[in-house]
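Take a look at the structure set out below.
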Amino acid sequence: MQTHQLFKTQDMVTNIKYNIMKKLSLLLLSIIVFSCGEHEDVIYDPNTSVTFAFFENGSESLLDVINPNDGVIEVGVGVSTLSNSNRTVTLSIDEELSTASSDQYSVDNLSVTIPSGEYFGALTLTGIAANLSPGTPATVVFKIESVSDNGQFSANPHSVKMTKICPVEADFTGTYTLTTLVGGIFGSQVFANGEVTVSQGSSSITARQFSAPVYPEFGAFPAVTLSFNLACDGVVQVPPGLVTGVGCGSSTTIGPSNNTGSYDSSDDSSFTIIVTDDEGGASCGVAVEAQFLLEKI
């Protein structure tokens, strides 16, 4: 009985191998067919001769413009087929979705050439450092408008987020002691005093972040993560809209203040952060400027 089962299994394996080889033969045949005759422009596409164009890096690219130099990035465009002639993918800039002004960037060409025998091409965008604001992202949003071989294309746009930054000489990561200097709403600690771990953020090379519980005087609440940026001229910036999950009937949010925290680029032993607690007084009725100090352990 065991020997019979073994031979049966070997027969099944043989059949599977035969079917795979048969399918590979059909695929090779389809490649040859699409390489000749009326489909001469499309060298390889066994399913359809229609080109599909798309942005190579998905929906977003990040460009750090390191002051005082301009920053350069390539925006890649791909197509789903090979051709024996050059093709052009025409792009446009979506002015409504873009936040960058025209003097903050330049683009070499909005017509991207896909060379013969290639899947990808690219345009070059330059972020102009002199006209960008430190730490404040400016975006340029591209759309695909057409493909020269009448192919189809993705409707999804691609955004290039440009951020002007100044090099940071010290590390500004590791374990710090957080101390409240000026309290937030009702005089509370916005973030619980004590040890926090400062780590590299994801938005740029000068972005940092830490996590800590909020409003410890009011209860035991989960930690939230505050992101901040070590911007030019020793300014510590924070973005708007950090939801705490705690408030007076609705959640407070933490965001930037008219005043900013400060740091020394060459010394990461301490720095200060200033935020607005309960932005706009939307939850507890009054916005409060809170300050805290971080000292490296």
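Treat every Asp and Glu Cβ in region 57-141 as -1 and every Lys and Arg Cβ as +1, leave all other atoms uncharged, and give the resulting dipole magnitude about the Cα centre to the nearest 20 debye. Could the numbers behind the result be given before it?
Details: 1 positive and 10 negative charges, 50 e Å.
Value, rounded to 20: 240 debye.
How would you order 104-112, 273-281 from highest to lowest mean count of nearby Cβ atoms within 10 Å?
Working: 104-112: 16.7, 273-281: 21.3.
For the peptides 104-112, 273-281, the packing ranking is 273-281, 104-112.
If I take all pairs of Cα atoms in region 174-296, what percentage of them are more than 20 Å from each other? The partial results should precede the final answer.
On the way: 2709 of 7503 pairs.
More than 20 Å apart: 36 percent of the Cα pairs in region 174-296.
Show me the ranking of peptides 175-181, 226-232 by mean Cβ neighbours inside 10 Å, starting with the highest.
Ranked from most to least packed, the peptides come out as 226-232, 175-181.
Apply the Karplus curve 6.51 cos²θ - 1.76 cosθ + 1.60, θ = phi - 60°, to the phi angles in region 190-198 and return the couplings in whole Hz, x for Gly and Pro.
Listing the rounded values in order: 5, 10, 4, 4, x, 6, 9, 10, 8 Hz.
How would S61, S83, S202, S269 line up from fewest to most surrounding beta-carbon atoms within 10 angstrom?
By the 10 Å Cβ count, ascending, the order reads S202, S269, S61, S83.
Once you wrap a convex hull around the alpha carbon atoms of region 48-179, what is its projected area averaged over all directions, in nm²?
11.0
Given H placed on each backbone N at 1.01 Å, which residues far from E56 in sequence or on other chains put an amide H within less than 5 Å of it?
For E56, whose amide H was placed from the backbone, the distant partners under 5 Å are G76, V77, G78.
List the residues whose amide H sits under 5 Å from the amide H of A212, counting only those 5 or more places along or on another chain, with H placed 1.01 Å from N in the peptide plane.
Hits under the 5 Å cutoff: V224, L226.
Please give the length that would be gained between E145 and D267 if that part of the chain were fully extended, namely 0.36 nm times their separation in residues minus their C-alpha to C-alpha distance (nm, one decimal).
Values: separation 122, 0.36 × 122 = 43.92 nm, distance 4.91 nm.
The span from E145 to D267 would gain 39.0 nm if fully extended.
Arranged from highest to lowest average of other beta-carbon atoms within 10 Å per residue, in what order do the peptides 241-247, 217-223 appear?
241-247, 217-223
Just to be sure I understand the model, the point goes 7 Å from the Cα along the line to the Cβ. What's the resulting N131 to N84 distance in nm?
In this crude label model, N131 to N84 measures out at 4.5 nm.
Laboratory data are not the source of any read-out in this text; all were calculated from the coordinates shown. Predicted model only: the values in this text are computed from it and were never measured. Note that we place each Cβ from the backbone using ideal geometry, even for glycine, and neighbour counts take in every protein chain shown.
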